[in-house]
Every structure is written in C-alpha cells, then in structure tokens.
Amino acid sequence: MTKGEFDKEDVALAGVFVLAAASGVGIAEVTLFDVAFSDPVVSGLTLGTLLSGGIFGFAYLTNDNDLGSLDDGYTYTVYVTAALIVGIAMVPGVESFVTQNDLFRLLALVVQSLGYAAVSYMA
C-alpha cells in the first residue's frame, strides 16, 4: 500500500461502489446476472447497500487510515458517506428525505463517491 495513491483494488471496486450507491439512493436500477442490486438480502438491507457498505469498509480497512491526518473536509466526507450508507438502509427518515427529490439523490451519490475516493486515497 502506497501513501497518497489509489490502490489497484480500490480502483477496481470503484465502479461497483458507484453502481451500488446509485441503486441505494434510487437513481439506477442495476441488475447483474439476473440479480438486482435493489433485491432485499436481509430485512431492510438490499444487495446494493451491502455491496456499497462492504466495499467502503474494505477500502477503509485495507489502507493505512488515519482520519486525523486528513483535512477536515475529507474527514467529514468520509463520516457522512458512512452515515448515508447506514442511514438510507436503516433509518426511514433519512431514506425518505434523500429519495424525495432527484437533486437530493444526486447529492447523496456525489457525496458517497467523494467519500469513497477519500478513503481510498488516504492510504
């Protein structure tokens, strides 16, 4: 793992993360091999949510992360990304707020993508 560069594993999973996050906020309907990312896996959790959370966690755990060494903006983006992944799936108020408007859906997707980029790059 190199410091200040993207790892090849994180880059390879970036596309799947964005598709899973887009499915989670309701922007896209993604189906791979006859399995939709919006299909429920466990009560309240969809495949897209599990993929985006798992990939985000993988990127965090496989990099030498020190959130304290990041600028405040990047740190907040990482925290908000984690909160959006969990909140959209587990908190009905967050899910209804984010999905009520296409602009909010797009903003949630952009924030999650930036959070993934930050956690992937901060190795």
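When residues of segment 85-118 are filtered for being small (G, A, S) and closer than 20 Å to S43 by Cα, how many remain?
Going through segment 85-118, the residues small (G, A, S) turn out to be 87, 89, 93, 96, 108, 113, 115, 117-118.
When the remaining residues are screened for being closer than 20 Å to S43 by Cα, the result is 87, 89, 93, 96.
Selection size over segment 85-118: 4.
From the set of residues in segment 1-42 that are of a type in the set (S, T, N, Q) and at pLDDT below 75, which is surrounded by the fewest Cβ atoms within 10 Å (Cβ to Cβ)?
Residues of segment 1-42 of a type in the set (S, T, N, Q): 2, 23, 31, 38.
Those still in the list that are at pLDDT below 75 too: 2, 38.
Values: T2: 9, S38: 16.
Only one residue tops the list, namely T2.
The values are calculated or read from the model by the stated rules, or taken from the named source; none is laboratory data. Keep in mind the model is a prediction, meaning the values are calculated, not measured. FYI the Cβ positions are ideal-geometry reconstructions off the backbone, even for glycines, and counts take in every protein chain you see.
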